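Notes follow the structure.
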Amino acid sequence: MAPVPATGSSHSNGYDKFIIMEKKARNGWLRHALLSFTRWFDSYAGGEEMAAAPEKKVDLWRVLPFLFLHLACLGVLRVGWSPVAVWTAVGLYLVRMFGITAFYHRYFSHNAFKASRGWTFAFAALGASSVQRGPLWWAGHHRHHHRYADKEEDIHSPVVHGFWWSHVGWILSTRNFPTPLERIKDFARFPELKFLDRFDIVVPVLLAGGLYGAGALLESYAPGLGTTGPQMLVWGFFISTTVLFHATSTINSLDHLVGSKRYATGDESRNNGWLAVLTFGEGWHNNHHRYPTAARQGFYWWEVDVTYYLLTILSRLKIVHGLRPVPDAVRREGLPSS
Ligand SMILES: [Zn+2]
Ligand SMILES: [Zn+2]
């Protein structure tokens, strides 16, 4: 074999290495872009890789749909409004807020009551319509929050990571994208829930399409209502979902900053009546951190907890059962000692 000249060798080796590195980087970039795009539709694609990403890395490809959701609200300038469209937005806020608080939170995250497998699927589908990812993703991350509340490991502590990270940043981070299945094994064993979790775009797309179709039908058959497909889409989906997202997020951000602490829970969770109204009872967050498995978060009659009231109705209708109560000792502990 002919010897390669020493200088040429080191030169060409260096150049070759450079080419390989550049190729790898390009492949890496392209691969990342393709994977991220795939994840819009299949959220389990490339999970291990994402879990190894740096803690605070925000995924631009995830930001795009989130930004679009917000910008699409400006469509209101074009489509205008009608009472039916506005009431649809309000109705969908209320129903989906209940879906988040009763089911994604109290049921899937904390097992605060029981339900049949069929109803469990219905609860998961309702939660998924809120466009806050799948039930296993939501509940798995929430369990992590309770385990490490306001410690370094807490993925959305405003005290440790700042307000904006706790409100929105953590959702857009690459590392937090995969579902922590090991934290939610009890529900992850049901394939139908795993399906909803993996393809978390399905329910939102059906909802958006349904709203557009309903608007188009009303335009044709009830023109007096003054609505259209695009108008129902903008109000019922984009505006309602954006407001719902920020209202839900206040519990992760503001409710660990503003309000009163009844219990010494070792974290910064607060009770905040305003947030409790906005989120159907979730604002009694210090109570909740004290005793997370209770179906009720307003521990006393004067602490309004709409989610709990509605759950008691579902319990009477035999749709759910075994609502876990607040132990008397915990309630007594919270009262000022006389
Ligand atoms: Zn919390
Ligand atoms: Zn919780």
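Computed from the coordinates by the stated procedures, all read-outs in this text should not be read as laboratory data. What you are looking at is a predicted structure, and each value in this text was computed from that prediction instead of being measured. Ideal geometry is used to build each Cβ from the backbone, glycine not excepted, and the neighbour counts take in all protein chains shown.
Assorted remarks:
- In terms of other Cβ atoms within 10 Å, 282, 182 run from fewest to most in the order 182, 282.
- The distance separating the Cα centre of region 227-305 from that of region 43-85 comes to 21 Å.
- Nearest-ten-degree value, helix 202-221 long axis tilted from longest Cα axis of the chain: 60 degrees
- Overall, region 55-260 carries a charge dipole of about 360 debye about its Cα centre when +1 sits on the Cβ of Lys and Arg and -1 on the Cβ of Asp and Glu, all other atoms neutral.
- In the elastic network of the chain, a GNM with C-alpha springs shorter than 10 Å, the most mobile of 275, 211, 71 is 71.
- Compared with the dominant Cα axis of the chain, that is its longest principal axis, helix 240-252 is turned about 90°.
- Relative contact order, whole percent, for the chain stands at 20, derived from Cα pairs under 8 Å and 6 or more residues apart.
- Count of lysine pairs in the chain with Cα separation under 23 Å (8 or more residues apart, or interchain): 9
- Reported value for region 208-276: 102 Å³ per residue, from the convex hull of its C-alpha atoms.
- Considering only 254, 336, 34, the residue lying farthest towards the positive end of the dipole of the chain is 336, judged by Cα position with unit charges set on Cβ.
- Degrees, to the nearest 10: 117-128 long Cα axis against longest axis of the chain: 70 degrees
- Packing rank of 313-320, 78-85, 169-176, where each peptide gets the mean count of other beta carbons within 10 Å, highest leading: 169-176, 78-85, 313-320
- The GNM of the chain, with springs linking C-alpha atoms under 10 angstrom apart, assigns the highest mean-square fluctuation among 295, 45, 149 to 45.
- Theoretical gain in end-to-end length, residue 260 to residue 146 [0.36 nm per residue, Cα-Cα removed]: 39.2 nm
- Dividing the summed -39500 (n - 2.57) terms of all DSSP H runs of n ≥ 4 by the residue count of the chain sets its mean residue ellipticity at 222 nm at -16000 deg cm²/dmol.
- Annotation: amide H-H contacts under 5 Å for residue 284 (H modelled 1.01 Å from N, sequence separation of 5 or more, or interchain): 272.
- Highest mean packing comes first when the peptides 30-41, 117-128 are listed by Cβ atoms within 10 Å, giving 117-128, 30-41.
- Length added when fully stretched, residue 48-residue 163, from 0.36 nm per residue minus Cα-Cα: 38.6 nm
- Chain lengthening between residue 205 and residue 94 when straightened (0.36 nm per residue, less Cα-Cα): 38.0 nm
- Shown is the FRET efficiency for residue 72 and residue 189, computed with R0 = 45 Å from the Cβ-Cβ distance and rounded to the nearest 0.05: 0.75.
- Its residues counted as N, the chain yields a C-alpha radius of gyration over 2.2 N^0.38 Å of 1.19.
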